[in-house]
Amino acid sequence: MPISKAKKKEIIEDVSTVVKSSKSIVFFNFKGFSVKNTTEMRRELRKSQVGYMVAKKTLAKRAFDEAKILGTIPTIVGETAMAYSADLIAPAREVYNFQKKFKDNISIVGGIFDGKYMSKDEMVTIAAIPSQQTLYAQFVNIINSPIQGLVMALDAIAKKKTI
């Protein structure tokens, strides 16, 4: 059943709102993805404060053209969805986690990162960046390592002198 002009306009406005309010948008194919898996993915995305939207490619492209995003839009074929967030890395990371889990059904095809179109490879690279909490933990570990080494050396010296 064809979509009415009013519904098309509403979809374009929804996509435009998403583009304007999001720092990062990931485009991904979801061919053969079951309703159960889609529900699970939406739930996980919501936990990470990542939105999920499916729109006709032609209508989405109109909204992207209106937003005047830099670069060239990646080739989008097949059933495509968008994950978006005000966080730069969260959408790519969350979709990438599902891509690893459901290899045959989900694949990242590109996206928009900080106002620029990104290719599939660039979005996968962005998805590999650890979360902010993980980076903090790694930083603390790096800072703690020399101190821990010093304490162990002093402890060894103290044990040697007591013997």
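Summary of values
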quantity: Residue within segment 81-95 that is farther than 17 Å from SER24 by Cα and touching a residue at least 24 places away in the same chain (Cβ under 8 Å) present; calculated: no
quantity: Criterion violated by SER119 - all others in (1) touching a helix residue (DSSP H, G or I) at 6+ places or on another chain (Cβ under 8 Å); (2) modelled with pLDDT of 90 or more satisfied; calculated: (1)
quantity: Checklist (1) assigned to a helix (DSSP H, G or I); (2) at pLDDT 90 or above; (3) surrounded by fewer than 18 Cβ atoms within 10 Å (Cβ to Cβ) applied to MET53, failing item; calculated: (1)
quantity: Which listed residue, of TYR96, TYR117, is in contact with a Pro (Cβ under 7 Å, 6 or more places away or on another chain) and either under 30 Å from ASP65 (Cβ atoms) or not assigned by TED's automatic domain parsing to the domain that holds ILE25 (or both); calculated: TYR117
quantity: Residue that is nearest to PRO74 (Cα to Cα), among those in segment 20-37 that are of a type outside the set (S, T, N, Q) and under 10 Å from the mean Cα position of the chain (by Cα); calculated: PHE27
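To keep it simple, each residue is scored yes or no on (1) part of a helix (DSSP H, G or I); (2) modelled with pLDDT under 90.
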{"position": "VAL15", "(1), (2)": "yes, yes"}
{"position": "LEU59", "(1), (2)": "yes, yes"}
{"position": "ALA92", "(1), (2)": "yes, no"}
{"position": "LYS103", "(1), (2)": "no, yes"}
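Listed here are the residues, each with its yes/no results for (1) over 15 Å from the mean Cα position of the chain (by Cα); (2) among the basic types (Lys, Arg); (3) buried (at least 17 other Cβ atoms within 10 Å of the Cβ); (4) part of a helix (DSSP H, G or I).
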{"position": "PRO74", "(1), (2), (3), (4)": "yes, no, yes, no"}
{"position": "PHE98", "(1), (2), (3), (4)": "no, no, yes, yes"}
{"position": "VAL109", "(1), (2), (3), (4)": "no, no, yes, no"}
{"position": "TYR117", "(1), (2), (3), (4)": "no, no, yes, no"}
{"position": "PRO130", "(1), (2), (3), (4)": "no, no, no, no"}
{"position": "ASN144", "(1), (2), (3), (4)": "yes, no, no, yes"}
{"position": "ASP155", "(1), (2), (3), (4)": "yes, no, no, yes"}
{"position": "LYS161", "(1), (2), (3), (4)": "yes, yes, no, yes"}
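The values are calculated or read from the model by the stated rules, or taken from the named source; none is laboratory data. Predicted model, so just to flag it, every value in this text is computed and none were measured. We place every Cβ from the backbone using ideal geometry, glycine too, and count neighbours over all the protein chains shown.
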